[in-house]
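The values are calculated or read from the model by the stated rules, or taken from the named source; none is laboratory data. Since this is a predicted model, take the numbers as computed values, not measurements. Counting neighbours? That spans all protein chains shown, and the Cβs are built from the backbone with ideal geometry, glycine included. Protein only, heavy atoms only, side chains kept; ligands, DNA and RNA dropped before computing areas. Shrake-Rupley method; radii C 1.70, N 1.55, O 1.52, S 1.80 Å.
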Amino acid sequence: MQLNRLVAFFKTIGDPTRLRIIKLLSEGPLHGQAIAGKLGLTPPTITHHLNKLRDVNVVYERREGNTVYFYLKESVVKHYANALIDLTEQDEVKKEMKDTIVERQKVIENFFTSDGRLKNIPAQRKKKLIVFEHMLKGLQRGKKYEEKELNEYIKRFHDDYATIRREFIINNYMYRENGIYELNPEEMWAKIE
């Protein structure tokens, strides 16, 4: 939803009288005289506020004989409420993503030397998976690696290539067939929780 529409909507309903009208109409349709009587305001004042609410599509009217009844468009109110929730959740998602990136970076800094060597394999599963995913960045999707070639790649990071190669298979980062290794799609990788 466009931000300016969201701002216009909340500016319009941000008036105490308009909020009271919305509350009254949430209980059922009313005509202008009834709304004025319940709120202790003059009919022209109620007409002014109803026009503002009509401008942002919150109310609609229906004529029955000589009387005009006003109805609340609950779907519109819910739509804008959900848009506001979505807006706040997007910020929350961005914050979570930023926190995740910072956490991953700390793990990489703690377990790798400045020249890119793995100091030791982490014991904690989450940190271990972060380390392995970092190591996998240098491998190409769709390329088939012979075991010897994969061992040489892993040795750039750590001497215990057999353990790490086994972990790549156990955690579904790669699959092995007849001594040939290939990266799995990321959807198959072990999930970092």
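Tabulated values for the structure
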quantity: Search result, residues across segment 27-44 that are assigned to a helix (DSSP H, G or I) and open to solvent by 50 Å² or more (accessible area, probe 1.4 Å); calculated: Q33, G37, K38, P43, P44
quantity: Scope segment 58-79; condition open to solvent by 30 Å² or more (accessible area, probe 1.4 Å), aliphatic (A, V, I, L, M) and not in a strand (DSSP E or B); matching residues; calculated: V77
quantity: Within segment 1-26, considering residues that are open to solvent by 60 Å² or more (accessible area, probe 1.4 Å) and either hydrophobic (A, V, I, L, M, F, W, C) or under 22 Å from G65 (Cα atoms) (or both), the one farthest from the chain's Cα centre (by Cα); calculated: L19
quantity: Residues of segment 87-105 satisfying the condition of being modelled with pLDDT of 75 or more and surrounded by 12 or more Cβ atoms within 10 Å (Cβ to Cβ); calculated: T100, E103, R104, Q105
quantity: Among (1) exposed (fewer than 10 other Cβ atoms within 10 Å of the Cβ); (2) more than 19 Å from the chain's Cα centre (by Cα) - the single one F111 does not satisfy; calculated: (1)
quantity: Hits in segment 47-75 (condition: under 20 Å from A8 (Cα atoms) and touching a residue at least 24 places away in the same chain (Cβ under 8 Å)); calculated: H49, L50, K52, L53, D55, V56, V58, V59, L72, E74
quantity: Complete set of residues in segment 126-148 that are within 24 Å of F111 (Cβ to Cβ) and not aliphatic (A, V, I, L, M); calculated: K126, K127, K128, F132, E133, H134, K137, G138, Q140, Y145
quantity: Leading residue by the ranking (nearest to the chain's Cα centre (by Cα)) among those in segment 178-193 that are part of a strand (DSSP E or B) and not aliphatic (A, V, I, L, M); calculated: E182
quantity: Subset of segment 168-193 [of a type outside the set (A, V, I, L, M, F, W, C) and closer than 24 Å to T100 by Cα]; calculated: N171, N172, Y173, N184, P185, E186, E187, K191, E193
quantity: Cross-chain or 6+ apart pairs with Cβ under 7 Å, segment 5-18 first and farther than 14 Å from H79 by Cα and assigned to a helix (DSSP H, G or I), then open to solvent by less than 40 Å² (accessible area, probe 1.4 Å) and among the charged types (D, E, K, R); calculated: T12/R18
quantity: Close pairs from segment 114-140: first open to solvent by 40 Å² or more (accessible area, probe 1.4 Å), partner of a type in the set (S, T, Y) and part of a loop (DSSP other than H, G, I, E, B), Cβ under 7 Å, at least 6 apart; calculated: K119/T113
quantity: Yes/no for R165 being at pLDDT 95 or above and among the basic types (K, R); calculated: yes
quantity: Among residues of segment 141-177, those that are open to solvent by 20 Å² or more (accessible area, probe 1.4 Å), touching a helix residue (DSSP H, G or I) at 6+ places or on another chain (Cβ under 7 Å), under 21 Å from K191 (Cα atoms) and assigned to a helix (DSSP H, G or I), counted; calculated: 2
